[in-house]
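Engineer: Sending over a structure as structure tokens; questions will come in a sec.
Read-outs throughout are calculated quantities, based only on the coordinates presented, and are distinct from any laboratory measurement. Quick caveat: nothing in here was measured; it's all calculated off a predicted structure. Note that each Cβ is placed from the backbone with ideal geometry, even for glycine, and that neighbours are counted across all protein chains shown.
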């Protein structure tokens with residue numbers, strides 16, 4: 001399907017006019033048929049490729065659709081409509097950074113093109129860039145003031161950040177345009193629950209679930225709200241059932257696509273299998289020399305999701321000498337090369353200095369692409385699942401410090417089950433507590449074997465200890481990474497870093513409330529429902545020093 005992009009546009013003007021007229025009449029299928037016929041006749045025009053790509057996507061031929069849209073971009077690089085369509089297709093392929101670049105190009109080409117700004121905002125929201133997403137949705141609202149969805153998304157972002165006055169203001173604006181807008185209703189329900197107006201939240205949830213327009217994804221969100229309400233009402237069996245229904249809806253919405261591929265559990269088991277028989281890796285012969293554009297201190301922060309990594313990152317980010325990355329993929333270039341099988345890890349073990357330096361530079365380029373300037377700073381690169389990339393870290397960054405966050409495994413698995421993560425290879429197994437416990441055990445087995453077999457400098461911090469003895473634990477962490485302790489770290493909920501850096505993970509609201517013990521031992525309320533998961537987690541409960549009861 002891919003064609004020679006060096007050939008110029010060749011299109012019959014009468015045929016193009018006919019296609020455009022057909023689109024204007026609302027007959028998209030007819031326009032697609034005309035475009036396909038024109039392409040088969042040897043004509044070349046971005047509109048033709050764009051329309052055929054739409055048909056290919058409908059047929060499930062996504063790779064061919066992407067190729068057509070790439071060709072359309074090469075033929076019309078100044079066309080914002082083509083760039084926007086290309087971004088949508090890239091996003092469908094989970095190539096988020098490239099999709100963001102395509103949307104930004106479209107908005108640069110046409111500052112009044114509301115669909116591209118909307119897609120940019122939606123993609124930024126998915127990437128956790130909440131402040132930038134807000135700016136994009138505000139732009140859409142200004143360009144199209146009668147559109148409800150961008151305002152509804154602004155309401156949801158405000159509620160995620162715990163900014164309830166702002167969430168209510170956006171909700172009222174949204175519902176004035178569309179009284180049934182689901183996102184705004186969700187934001188209002190969340191605001192009701194924040195002030196413990198449980199009857200009001202209950203009525204709104206019932207009305208939302210009764211809406212026949214709700215698809216599986218929206219129903220997932222609504223059942224999640226019902227589950228949170230039941231939890232707040234101490235109706236724990238009912239809450240667990242609602243969480244399970246929410247997760248079932250998530251799988252329906254995904255259509256089984258993620259489950260068909262390699263999951264995080266698969267990656268953990270593969271890593272565990274490799275290092276269970278591998279001999280200890282020796283340190284690199286000549287360590288890399290730090291250049292002036294690199295950080296003075298470099299630390300990777302990891303741990304299973306919901307283990308307190310966000311709290312610890314925010315505490316460290318409040319230090320005046322620290323810059324941090326909140327869950328941005330930075331090691332993808334190396335992972336594609338080496339995390340592909342035993343032979344890949346064997347090649348990584350023997351990595352030469354030349355290739356190492358190239359991959360280090362690719363890493364720093366990605367860090368800066370995320371808006372972080374690490375030069376002469378302390379960089380905290382936080383990504384929970386980076387524990388499965390410890391082999392890469394030890395070869396590329398032997399000087400880096402490893403911060404490993406721990407929390408009671410039973411609370412971790414339950415909390416993952418209750419969160420509405422985007423369905424992806426590393427979250428699909430968290431939709432069920434038994435599978436989640438199996439993933440946790442495999443992840444920890446792989447991580448502990450890596451830490452045993454690789455020359456790494458690691459410091460473990462239990463979430464509960466950080467909350468109960470904050471100054472002591474933060475001083476220990478600072479001593480470990482070589483950073484002077486700062487009293488600014490006590491003010492992590494109000495630090496200046498939050499003016500430009502919004503917490504995008506599910507931990508945002510908890511972190512905003514500061515240090516609290518409210519989540520400690522939550523698993524006990526769901527002990528019966530966790531019956532299948534608890535035996536799987538017991539070895540790790542004992543290893544990490546948590547009480548059996």
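Engineer: Just grab the label-to-label distance for residue 522 and residue 279, each label 7 Å out from Cα along the Cβ direction, in nm (one decimal).
Structural biologist: With each label point 7 Å from Cα toward Cβ, the separation is 4.7 nm.
Engineer: Next question. Rounded to whole Å, give me the distance from the Cα center of region 4-72 to that of region 387-414.
Structural biologist: Taking the Cα centre of each part, region 4-72 and region 387-414 sit 48 Å apart.
Engineer: Let me ask you something else. Just grab the label-to-label distance for residue 346 and residue 543, each label 7 Å out from Cα along the Cβ direction, in nm (one decimal).
Structural biologist: Calculated label separation equals 2.7 nm.
Engineer: Something else: Give the share of C-alpha pairs in each 5 angstrom bin for region 148-255, from 0 to the last occupied bin, in whole percents, shortest bins first.
Structural biologist: 2, 14, 22, 25, 21, 11, 4, 0
Engineer: Cα centroid distance between region 76-130 and region 161-213, in Å?
Structural biologist: If we compute the Cα centre of each part, the gap is 28 Å.
Engineer: Another one. Figure the gain on full extension for residue 472 and residue 27 (residue separation times 0.36 nm, minus the Cα-Cα span) and round it to one decimal in nm.
Structural biologist: 153.4 nm
Engineer: Follow-up. Tell me, what is the FRET efficiency for residue 143 and residue 209 to the nearest 0.05, using R0 = 35 angstrom and their Cβ-Cβ distance as r?
Structural biologist: 0.60
Engineer: Ratio of Rg to Rh for region 380-432, alpha carbon only, Kirkwood?
Structural biologist: 1.04
Engineer: Based solely on its DSSP helices, what 222 nm [θ] is calculated for the chain when runs of n ≥ 4 H residues each add -39,500 (n - 2.57) and the sum is averaged over all residues, nearest 500 deg cm²/dmol?
Structural biologist: After summing the helix terms and dividing by residue count, I get -18000 deg cm²/dmol.
Engineer: Over what distance in Å are the Cα centres of region 421-490 and region 216-290 separated?
Structural biologist: Between the Cα centres of region 421-490 and region 216-290 lies a distance of 16 Å.
Engineer: Next question, about the same structure. What list of whole percents do you get for P(r) of region 64-188, with Cα-Cα distances grouped in 5 Å bins up to the one holding the largest distance?
Structural biologist: 2, 13, 20, 20, 17, 12, 9, 4, 2, 0
Engineer: For the chain, taking Cα atoms only, what is the radius of gyration to one decimal and the Dmax to the nearest whole Å?
Structural biologist: When restricted to Cα atoms, the chain yields Rg and Dmax of 25.1, 78 Å.
Engineer: Expressed in nm to one decimal, what extension gain is obtained for the pair residue 515 and residue 493 from 0.36 nm per residue of sequence separation less their Cα-Cα distance?
Structural biologist: Residue separation times 0.36 nm, minus the Cα-Cα distance, leaves 7.0 nm.
Engineer: Give the value in nm², to one decimal: projected area of the alpha carbon convex hull of region 1-143, averaged over all directions.
Structural biologist: With the hull built on Cα positions only, its mean projection is 8.6 nm².
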